[in-house]
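Down below is the structure, laid out as structure tokens.
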Amino acid sequence: MAKGKIQAVCSKWPIFGAAAVLVLAALLLLSRLPGQTPELVPAQGVLDLTGADLAQTVYRVRNNWDYYPNALYGPQDFAAGTAVAGGDGEAQEGQPRYGTYRLVIQAQPERYYALCSYSIDYSTRVFVNGVEAASFGAVADNAAQSVPRIGYMTIPLYSGPSGVIEVIYQFSNFVHRDGGFIPPTYLSTPQNIQSFQAGINLVSLSLSGGLLALFAYFLLCAAVRRRLPFLFLSLCCLMAALRNQDFLVVHALPPGTSWYVSYRVFMGVTILLPAMVLLLLRSMYPRAVRRPVTAAYGAAMAVAVVLDILLPTQLLTTVCAAAWGCGVPYLLCLLYGAIRSCRAGRRPDQVDGLTVGAGGVLVLSVVLEAVYVNDSSLISRCGLIPLGMLVFDLLMAVSISLRFTAQEAALAESRSRSQLLEQINTMNLDFLHKVAHELKTPLTVISGYAQLTRLQLSAGQASGETQKNLKTIQDEAQRLADMVTELMAYSHGEKSPARLSAMEVGALLNRVEAVCTPMCLKNHNRIRISGGSCADIYGSEALLLQVFINLIINANRHTHGGLITVSASDRELQGYVVFRVADTGDGIDGEPLNRLFDSGYSGDGSSGLGLAICREAVEAHGGTLAVERTGPEGTVFAFTVLRKEEAP
């Protein structure tokens, strides 16, 4: 029982191995994630830091900044009082194509701080206390002069003698229809911000780097194992890695790449990611969705990619939404096909459970990213989908491996079953050949003696020899009947071993002479018997008679007008009687003697079963069969049988 449990656990090692990898990866990433940060809430564009302890804490600044839509105001405008007050930033989010955000921080004098955040989509210029502190792209009030670019920024702040810090964000967004909004912003000491940023970078690079490593590994698996699911799994990893916008822009694409190109690549990845997931699931369940439906969905995704390349960037979010929408009915088709398969009698297995779990993790990551995208700097740029995709890919890799292991086991079992059936078929054919050979021998004897008796009766020469002929016919007919009876018993699984008993050598040789003499007349051969006075032997008369008949048939085939001698001797080998069948024929020159006793082998066009049957029968008596000599003077076969007193 214990051994069975150990084997059951070992058979599932891929699941436990993947689970261990997931746990270790999750612990590593969670250990480096920034903790839950407290929030600072500006009031009417003013943030009071005088009572906040930033020595050990990183604060998230809510985006209640003063907001000036459709206007690019600089420090001089606010100093001169010419900036026209705008509405609430969060209320106006997504509407303008360019604008200005302003935050006044009241802090203790002579203190150093740092503010970190991603730049506003898609061009940003930052002023701190009247001095430009950061710039991403070129901010302008028109599409011709606006140059899009995003990046992660860390902005040093100094409160000075007055303790007042003025932060101004200018932005312009002519890339897509949504306006610019302030991503999650964090504020603390420079040391804390540096550690905070390092944690975000570690998570971002670990996720994307890990996904790229999995992409290479699964692509290699697809090439080596030639399995389509591994190809789609590798593409899922690639899409998830590149969906990390910061990783795509900073690390994946060449430096200086136009942001319009980067944005199209990013949107193309976003379009294809769900398609790769759905096609992966379809490759796992190929019968769930018909090929025309899959072809139509693939064509729709191809059209979406072409539109991503050709259409203005302002329309790409619409194309992306439409592509994701096309995936919904395809997903429903997959679910319907899987449910229909279960209703048809296929019970859900371990692979189904892992696949459902992987899909659940991915859906959960999509939902959480949509909910918290504006609450975390990490989620806003890196997203939760790559983390969910990492877990999804590992679980799906386990599912694919288990599915292919089961398929390979089933294929191996099928091949083994096919080989077994082929062996059984070969054995059946061999058995039928042997049965036909065995049945043919008494029929030949009966036919020969019947012809001889008919000639004697036709010539009016009936005598005592005629009576012997009829007796031989009767004996062979009975032997044939016994063989048929044994064959019928064997077909019903009632096979019985050969019955061995003490028997006289002289009586056996007389029976051989009576049976085989008519067969030899066809080639004008004579049979001579010698050694009938040997000691009694222990054996089966039927089997030994068959041995003599087969050897004499072979001798008669190679001898014409000659002599076939059957002899016995109990003085050559202690405990055995040695029998010989010698002929004066042309021998068996040129034939490999070691193959003569192989079943089916024949050098003269016969069935090749006679000598094989002889060897099996002799070995059943504890003896051996061999060719003593062969050549132009003839051939001698010799075999041994235990004497009666040596019988077990």
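The values are calculated or read from the model by the stated rules, or taken from the named source; none is laboratory data. From a predicted model like this one, the values you see are computed outputs, not experimental measurements. Quick reminder, even Gly has a Cβ in these numbers, built from the backbone with ideal geometry, and neighbours come from all protein chains shown. Surface areas here come from the heavy atoms of the whole protein model, side chains and all, with no ligands, DNA or RNA. Shrake-Rupley method; radii C 1.70, N 1.55, O 1.52, S 1.80 Å.
Numbers for the structure displayed
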quantity: Selection from segment 528-556 of residues that are over 57 Å from the mean Cα position of the chain (by Cα), assigned to a helix (DSSP H, G or I) and over 11 Å from Ala568 (Cβ atoms); calculated: Glu541, Leu545, Ile549, Ile552, Ile553, Ala555, Asn556
quantity: Subset of segment 300-319 [surrounded by 16 or more Cβ atoms within 10 Å (Cβ to Cβ), modelled with pLDDT of 90 or more and more than 19 Å from Arg282 (Cβ to Cβ)]; calculated: Leu307, Asp308, Val319
quantity: Options Ala240, Ala222; residue that is aliphatic (A, V, I, L, M), in a helix (DSSP H, G or I), in contact with a helix residue (DSSP H, G or I) (Cβ under 8 Å, 6 or more places away or on another chain) and surrounded by 21 or more Cβ atoms within 10 Å (Cβ to Cβ); calculated: Ala240
quantity: Filter result for Tyr297 (open to solvent by less than 30 Å² (accessible area, probe 1.4 Å), over 23 Å from Leu207 (Cβ atoms) and part of a helix (DSSP H, G or I)); calculated: yes
quantity: Contacts under 7 angstrom Cβ, first residue in segment 163-185 being in contact (Cβ under 8 Å) with a residue 24 or more places away in the chain and on the phi < 0 side of the Ramachandran plot, partner basic (Lys, Arg) and assigned to a loop (DSSP other than H, G, I, E, B), 6 or more apart; calculated: Ser172/Arg97; Asn173/Arg97; Phe174/Arg97; Gly179/Arg97
quantity: Criterion violated by Gly325 - all others in (1) within 29 Å of Val351 (Cα to Cα); (2) within 31 Å of the chain's Cα centre (by Cα) satisfied; calculated: (2)
quantity: Candidate set from segment 245-294 (those that are charged (D, E, K, R) and in a helix (DSSP H, G or I)); member that is surrounded by the fewest Cβ atoms within 10 Å (Cβ to Cβ); calculated: Arg291
quantity: Output for segment 629-646, where each listed residue is out of contact with any strand residue (DSSP E or B) (no Cβ under 7 Å at 6 or more places or on another chain) and hydroxyl-bearing (Ser, Thr, Tyr); calculated: Thr630
quantity: Sole residue being among the basic types (Lys, Arg), surrounded by fewer than 19 Cβ atoms within 10 Å (Cβ to Cβ) and within 46 Å of the chain's Cα centre (by Cα), chosen from Arg111, Arg149; calculated: Arg149
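For (1) touching a Leu at 6+ places or on another chain (Cβ under 8 Å); (2) β-branched (Val, Ile, Thr); (3) modelled with pLDDT of 90 or more; (4) open to solvent by 50 Å² or more (accessible area, probe 1.4 Å), each residue gets a yes or a no:
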residue	(1), (2), (3), (4)
Phe78	no, no, yes, no
Gly94	no, no, no, no
Leu115	yes, no, yes, no
Ile120	no, yes, no, no
Val126	no, yes, yes, no
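Per-residue answers, yes or no, for (1) out of contact with any Lys or Arg (no Cβ under 7 Å at 6 or more places or on another chain); (2) at pLDDT below 90; (3) under 30 Å from Leu316 (Cβ atoms); (4) not β-branched (Val, Ile, Thr):
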| site | (1), (2), (3), (4) |
| --- | --- |
| Val139 | no, no, yes, no |
| Ala143 | yes, yes, yes, yes |
| Pro148 | yes, yes, yes, yes |
| Gly151 | yes, yes, yes, yes |
| Ile165 | yes, no, no, no |
| Ser172 | no, no, yes, yes |
| Val175 | yes, yes, yes, no |
| Ile182 | yes, yes, yes, no |
| Ser188 | yes, no, no, yes |
